[in-house]
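K.L.:
My structure is below; once you've seen it, I'll send some questions.
The values are calculated or read from the model by the stated rules, or taken from the named source; none is laboratory data. Worth saying up front: this structure is predicted, and the values here are computed from it rather than measured. Cβ atoms come from the backbone with ideal geometry, glycine included; neighbour counts cover every protein chain shown.
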Amino acid sequence: MGSDNVALDFPHWLNVTHFVNFLFISLLVRSGIQILMDHPRLYLNDHCVRGGEWLKFTKRMVPTDRPYTAREEMSHINSWIGLPGSTPDKKYSFGIGRHWHLFSVIFWVTNGFVYLTCLFPTNNYHRLIPRSWDIFPRAWGAFIDLLHFQIPDQSAFHPYNPLQQLSYAFVIFILAPLAMISGACLSPAVSARFPFLPKLFGGRQRARSVHFLVLVGFLLFFICHIALVYASGFDVNITHIALGLKRETPFIAHLVALTGILVVVGVHVFVTKWSNRNPRKVQNRVGMFANNIFRFLLGGLKSRQNYSENDISEYHWINGYPPKTEKWLNLLENNFSDYKLEVKGMVENPLSLSLTEIKEMPYTEQITVHYCIQGWSGCAKWGGLPLTEIIKRCKPLPTARYAVFRSHQHTDDQDEFYTTLELSETQYPQTILAYKMNGKDLPVEHGAPLRLRMESKVGYKMIKWIESIEFIDSFENIGQGQGGYREDVQYFCPGAQI
Ligand SMILES: Nc1nc2c(c(=O)[nH]1)N[C@H]1C(S)=C(S)[C@@H](COP(=O)(O)O)O[C@H]1N2
Ligand SMILES: [Mo]
């Protein structure tokens, strides 16, 4: 039989990577559930039509008789399950959950690579990779035995029994890569630059569904794994897992294992409490750490989406209610004939452009898929002027580092909706100021008369009802200093590539 002549024990790198894996995957699961609950519907296509979900975790029906925003979708999840769990106002739970998810994935993936680097140069890969086809019938036999509650004898482990070997190989070589690839497809930067990637799954929403099924797969594996470790010679197994020793040392092994579990539980309790008490710190430390890594990896990706007319969604979710200010309501009444886009700040030529002047400037169109951070998507054709045209005319000074966009919309709590882009990002090819959607004038709920489209970022950067663009060198003194309204209030990260 295959592994008999290879003496495989339980080296210490295995114990350590196993433990680190346990820690980060548990954080990924809890924060993943938190993220799901912000738009607790799973769809089979990118249109996310109302009632079109194949699975949902909310009883709420989407009303059709009034504008219904994506923010109203945010659902409650207990902090025993979700990380950090939702406060009654659900104000920051989702943003913070994402910080933990993206932080943990960095360590989880790194740990996975450390594991593989230890596995392959030694002959340890024999513990996972079957050496003959007869592993399948043997695994099936072991499975049938299990169904009869026959726990395999210790002599059947070399070091794993066939069923165990196959399931570990499945989790490590199929489930884990699937988690990473489907997860990467959820990043607007990745999908906008490599639109073929989500297409591998049949679109972003299917990738999202697969990502969810991977979570279910990990949970099922976890339950079976624990049950079998317990049932098939617990003392020996725990010695292998905790100490990597061949001979049984149950007392010390139990002690070490228990300590390990307590450390993981302790970390969860700590990060949950810390997140609830001090979300801003989590955003600026944990979130910023992940943001900087992903900015380095993905920050330069420029959207190259080019979907066809047939891909356009019939229904496109909205987020944010139209402005209620008198100024904007007056503009609307006159069909925006008095509208002016103010371009100011650190520029050579401040501008004040009417809609007619804007429409006389070069026009471009793009059919792209919108990714809201909450999880829904929608495809539309956006038409307007490339932001580079504004840059050419206003000529930002060398000291300008960001552009801050302000909206006519003042939200319910009277904060001003604003967002910032880095100067380089304002010049990406698919960064436009749109005044057309699907061939018609931009509808009020989608941001009339002018909105930003910045296709390699999540939706909250694409500010609607734009009032002005100001070039600045730092956003520290604007709003609460985080680079945007959603960053200020919902603790999102300013990068928004993921
Ligand atoms: N002024 C303003 N712009 C905004 C928002 C908002 O609330 N106010 N929401 C953002 C978010 S979170 C998303 S997902 C998109 C939604 O665009 P849509 O409503 O056209 O689908 O708009 C973005 N722009
Ligand atoms: Mo969004």
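K.L.:
Under 6 Å by Cβ, and 6 or more places apart or on different chains, what pairs join a residue from the stretch 461-486 that is over 24 Å from Ala448 (Cβ atoms) and aliphatic (A, V, I, L, M) with one that is more than 16 Å from ligand 2 (Cβ to nearest atom) and assigned to a loop (DSSP other than H, G, I, E, B)?
P.N.:
none
K.L.:
So, one more: Any idea how many residues of the stretch 405-428 are more than 23 Å from Glu333 (Cα to Cα), surrounded by fewer than 21 Cβ atoms within 10 Å (Cβ to Cβ) and within 13 Å of ligand 1 (Cβ to nearest atom)?
P.N.:
2
K.L.:
Tell me the helices (runs of 4 or more DSSP H) entirely within the stretch 167-261 that contain at least 3 residues that are closer than 30 Å to Ser456 by Cβ.
P.N.:
The helices (runs of 4 or more DSSP H) meeting that bar are 176-185, 188-193, 196-201, 204-231.
K.L.:
May I pose another question? Could you pull out the residue among Glu476, Glu487, Glu470 that is among the acidic types (Asp, Glu) and within 14 Å of ligand 1 (Cβ to nearest atom)?
P.N.:
On inspection, the qualifying residue turns out to be Glu487.
K.L.:
Moving on. Please specify each residue of the stretch 55-76 satisfying the condition of being surrounded by 12 or more Cβ atoms within 10 Å (Cβ to Cβ), more than 16 Å from ligand 2 (Cβ to nearest atom) and either within 18 Å of the chain's Cα centre (by Cα) or not β-branched (Val, Ile, Thr) (or both).
P.N.:
Leu55, Lys56, Phe57, Arg60, His76
K.L.:
Criterion first (away from ligand 2 (no atom under 16 Å from the Cβ), in contact (Cβ under 8 Å) with a residue 40 or more places away in the chain, within 22 Å of Met74 (Cβ to Cβ) and β-branched (Val, Ile, Thr)) does Val264 satisfy it?
P.N.:
Answer is no for this residue.
K.L.:
On to the next question. Just checking, does the stretch 429-438 include any residue being in contact with a Lys or Arg (Cβ under 9 Å, 6 or more places away or on another chain), within 16 Å of ligand 2 (Cβ to nearest atom) and under 30 Å from Leu55 (Cβ atoms)?
P.N.:
Scanning the stretch 429-438, I find no residue that is in contact with a Lys or Arg (Cβ under 9 Å, 6 or more places away or on another chain), within 16 Å of ligand 2 (Cβ to nearest atom) and under 30 Å from Leu55 (Cβ atoms), so the answer is no.
K.L.:
Another question about this same structure. Run Trp328 past the list (1) within 37 Å of the chain's Cα centre (by Cα); (2) farther than 24 Å from Thr420 by Cβ; (3) assigned to a helix (DSSP H, G or I) and report the number of the one that doesn't hold.
P.N.:
The failed condition is (2).
K.L.:
For the subset of the stretch 429-449 comprising residues that are part of a loop (DSSP other than H, G, I, E, B), more than 11 Å from ligand 1 (Cβ to nearest atom) and at pLDDT 95 or above, which member is nearest to Asn334 (Cα to Cα)?
P.N.:
Pro449
K.L.:
Go through Gly447, Gly459 for me and flag whichever is within 16 Å of ligand 2 (Cβ to nearest atom), at positive phi and buried (at least 21 other Cβ atoms within 10 Å of the Cβ).
P.N.:
That would be Gly447, the only listed residue that is within 16 Å of ligand 2 (Cβ to nearest atom), at positive phi and buried (at least 21 other Cβ atoms within 10 Å of the Cβ).
K.L.:
Out of (1) in a strand (DSSP E or B); (2) within 16 Å of ligand 2 (Cβ to nearest atom); (3) among the polar types (S, T, N, Q), the odd one out for Gln366 is which?
P.N.:
Result: Gln366 fails condition (2) only.
K.L.:
Same structure again: What number of residues in the stretch 331-360 are surrounded by fewer than 13 Cβ atoms within 10 Å (Cβ to Cβ), in a helix (DSSP H, G or I) and of a type in the set (D, E, K, R)?
P.N.:
Count: 3.
K.L.:
Hey, Trp80 hits all of (1) aromatic (Phe, Trp, Tyr); (2) in contact (Cβ under 8 Å) with a residue 12 or more places away in the chain; (3) farther than 30 Å from Trp13 by Cβ but one; which does it fall short on?
P.N.:
In the conditions (1) aromatic (Phe, Trp, Tyr); (2) in contact (Cβ under 8 Å) with a residue 12 or more places away in the chain; (3) farther than 30 Å from Trp13 by Cβ, Trp80 misses (2) alone.
K.L.:
Which members of the stretch 387-427 meet the condition of being modelled with pLDDT under 95 and aromatic (Phe, Trp, Tyr)?
P.N.:
Selection gives Phe417 alone.
K.L.:
A further question on this structure: Can you find, within the stretch 16-70, the residue that is farthest from Thr87 (Cα to Cα) among those that are basic (Lys, Arg) and away from ligand 1 (no atom under 16 Å from the Cβ)?
P.N.:
Lys56
K.L.:
Just the residues that are buried (at least 16 other Cβ atoms within 10 Å of the Cβ), under 14 Å from Gly233 (Cα atoms) and at pLDDT 85 or above, please, taken from the stretch 147-163.
P.N.:
Correct list: Tyr160, Asn161.
K.L.:
Out of the residues in the stretch 375-404 that are more than 30 Å from Pro40 (Cβ to Cβ) and of a type in the set (A, V, I, L, M), state the one that is surrounded by the fewest Cβ atoms within 10 Å (Cβ to Cβ).
P.N.:
Across the stretch 375-404, the extreme among qualifying residues is Leu397.
K.L.:
Write out, first by first residue and then by second, each pair whose Cβ atoms fall under 9 Å of each other, whose residues are 6+ apart or on separate chains, and whose first residue, in the stretch 306-332, is on the phi > 0 side of the Ramachandran plot and at pLDDT 95 or above while the second is of a type in the set (Lys, Arg) and within 10 Å of ligand 1 (Cβ to nearest atom).
P.N.:
Filtered contacts from the stretch 306-332: no entries.
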